[in-house]
1. Helix 49-65 versus the longest principal axis of the chain: what is the Cα-based angle in degrees, 0 to 90, to the nearest 10?
2. Given springs between every Cα pair under 10 Å in a Gaussian network model of the chain, which of 135, 118, 18 has the largest fluctuation?
3. Give me the one-decimal nm value for the distance between modelled label points at residue 65 and residue 158, 7 Å along each residue's Cα-to-Cβ direction.
4. Round to the nearest 10 and give me the degree value, 0 to 90, for the angle of helix 157-168's Cα axis relative to the longest principal axis of the chain.
5. Using a 10 Å cut-off around each Cβ, can you sort 15, 169 from fewest to most neighbouring Cβ atoms?
6. Classify the stretch 15-169: rounded, prolate or oblate, from the alpha-carbon gyration tensor (a ≥ b ≥ c, eigenvalue square roots; a/c under 1.5 rounded; otherwise prolate if a/b is larger than b/c)?
7. So how do 26, 21, 76 line up by other beta-carbon neighbours within 10 Å, fewest first?
8. Counting only DSSP beta bridges with both residues in the stretch 2-168, what percent are antiparallel, rounded to the nearest 5?
Ligand SMILES: [Zn+2]
């Protein structure tokens, strides 16, 4: 599964394609269909100052160096974990972001409603999708017996540090 979107010089979504719409529909999200997102700033779809800063640092780096940059992130649902590779390329005055699914794993079978009682509500890192529970960052794949729900969106210290290292290389 691969999708892309092109941002204009003001970081509005100018175009998106590939498997974009199929992925949106797979996730039951008609508000993310390409016709609904085109023309809107990418920042409308980024939750939390942590992730805005993280992406902003990548965009700045690509614009400054004029070279592509490769990163990866998790995009999980309560049922399935997925890792994507994201390539950010300069594209005229804008940027081209190419997302490619590189790994996925089942967390639990689809069936019961996981959003109710018993779910652990905790801050979630928007890059690695781990949850901060009692001082530890927990990957839901490693703890399938519990259901985690994001109470807020942030970027964990490990992901911030890894990006800093990669940007300095
Ligand atoms: Zn993280």
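Read the figures in this text as sums done on the coordinates, not as results from a lab. Just so it is clear, the model here is predicted, and its values are computed rather than measured. We place every Cβ from the backbone using ideal geometry, glycine too, and count neighbours over all the protein chains shown.
1. 30
2. Comparing 135, 118, 18 in the GNM, the peak value goes to 135.
3. Distance between the two pseudo-spin positions: 2.4 nm.
4. Between helix and principal axis, roughly 20 degrees.
5. Going from sparsest to densest Cβ surroundings: 169, 15.
6. oblate
7. Ascending number of Cβ neighbours within 10 Å: 26, 21, 76.
8. Here the share of antiparallel DSSP bridges comes out near 85 percent.
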